[in-house]
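Each reported figure results from applying straightforward, stated rules to the coordinates on display, with no laboratory input. Predicted model, so just to flag it, every value in this text is computed and none were measured. A quick note on method: Cβ atoms are made from the backbone with ideal geometry, for glycine too, and the neighbour counts reach across all protein chains shown.
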Amino acid sequence: MEGACREPTIIPERDITSSKAPKSVFLRDRFDATDSSPNWSSKVCDRKTLEVEARNGFDSVGNEVGLLTMGIQGEPYGRSLKGCPSIKFLGLLEETSTPCYTHMKNRGGTISSLGSIEDFNDMVLDSGLTDAGFEGEPFTWSNKRVWRRLDRVLYSQEWAELFNSTRVSHLPRRLSDHHPLLISATRTEDKVPSSFRFQHMWIMHPNFQEMIKQSWGALIHGYGMYRLQQKLYRLKDHLKQWNRDIFGNVFSLVDQAKAAANEAEKQFDRLPSEANLINLNRQNATLVHALNLESEFWRQKSNCKWLEAGEKNTKFFHSSVKKKRLKSKISRVMDNQQEITDSAQIKESAMHFFGSILCDTSTTSLPHDFPFQFPQVQQDVVLNLCQPPSQEDITEVVFSINKDSVAGPDGFSSAFFQACWDTIAEDVFAAVTDFFRGTRMPRSFTAISIILIPKNDSSQSWSEFRPISLCNVTNKILSELLYNKISQALPDLISPSQSGFVPGRLIADNILLAQEMTHHLDMRHA
């Protein structure tokens, strides 16, 4: 809390401590002020002060909980945090000049330099810290003219393992220029069962293709879509067992490869023979391969698509995964003007809200005497729409899907289809042919996973979440083939002015053109 010992802010801060009953309080004020002020002496059992290499320090006041908590004001240097001997760390950062992460956290005032942002980001990345995010107002400080998010909470990986839920709430400012931050760290056992996900690093194993051929080659009777469905189900079980027995734990592989490479290096240093040199090169190659596997694991898990191939920043990927987990956690929501924090009630509320939207069965049909005539599709185009696509068309569609796209409910990504295409192509051709012949689709082909994407950083109600559906690759293949066929008939059905259906144009293009034409006419008459 900012200015904790100043007379105008004492009453609001006492109200916060009495209503929220925090176990620990961070006071942002001069150390001599907290030493001489009687306002907090009866509220705490002990006071712990940690000297930090920064422009100013925070006084951490509260009960001893066996964890290191640190408050920093100003520009923290990376070595201040990396040299910290504690294994469990929670940091409360209040910066006065260094902007954090992006320029988007400000409103009003001047934009700070990009260099200071990069310095702060490097410090956070090098220290292995994660921003805990926030709930409530987007800014934490204001002088009535400028609004900025100056205060934030960072925690280490060890802290996340101890408390799997860390929430930060921005409380009302009252008489201060800073919002108090309420930090709630809990350990919950409400774990979602893990589902199968095809790991892209499996493709890099020398035995992978042989295992796929053995599993896929076993005969299954039935029509095309059914065979493809059952082979994917069977392969899923085989991959799980193969991962346990053959591939192994990727982190254990890295540790073993490092130990073997270190031992080979010592042997070569003691006796630089040709045999030891060959062994050293072999162990180093094994280590590089293991590190590539680990990097690919974290890259897929973080779903980072913009990083160039060959950049093996595992620490960056790991940090991205932690941020994704933090953002995906919905710990509270407002429903009918009531706050819900219980996980079971949150699930029930989400099912009711989105079920009422996505399960609407009402339909609208045109009257029989509708006065307008619509363009008709030519007969040859209709016949072409009903014809099964060629194998070349199917292959082109499969390899056009981004291999890093998120997998659907069955867990198989497009990277699997592309890497194993020579083995599975025949069954995919048969399934697509069945679809265009009107065969009923299995449920797995139409299954989707609904994901909620927050529309802003502090989404609090269900209307502030955007639902998107993740479908299986088999569904994507059929949809793309249908799109390619239907796009051939669109020129006969739409006019060039319907820009929303023209490739490379947007609906808003017509609005922009109308504005430009109006502006041009006004300039001519002026």
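Assorted remarks:
- Residue-wise HN-Hα couplings along the stretch 133-144, as the Karplus relation 6.51 cos²θ - 1.76 cosθ + 1.60 with θ = phi - 60° gives them from phi, are x, 6, 10, x, 5, x, 10, 10, 9, 7, 10, 6 Hz; Gly and Pro carry x.
- For the stretch 471-480, putting each phi into the Karplus relation 6.51 cos²θ - 1.76 cosθ + 1.60 with θ = phi - 60° gives couplings of 9, 6, 4, 4, 5, 4, 4, 5, 5, 5 Hz, in residue order, rounded to whole numbers and with x for Gly and Pro.
- Going by neighbour counts of Cβ atoms within 10 Å, the residues Asp380, Asp410, Asp177 line up, fewest first, as Asp380, Asp177, Asp410.
- From least to most packed, judged by other beta carbons within 10 angstrom and beginning with the fewest, Arg440, Arg227 follow the order Arg440, Arg227.
- The residues packed around Ala275, meaning those with a beta-carbon under 15 Å from its beta-carbon, carry a net charge of -1 if Lys and Arg are +1 and Asp and Glu are -1.
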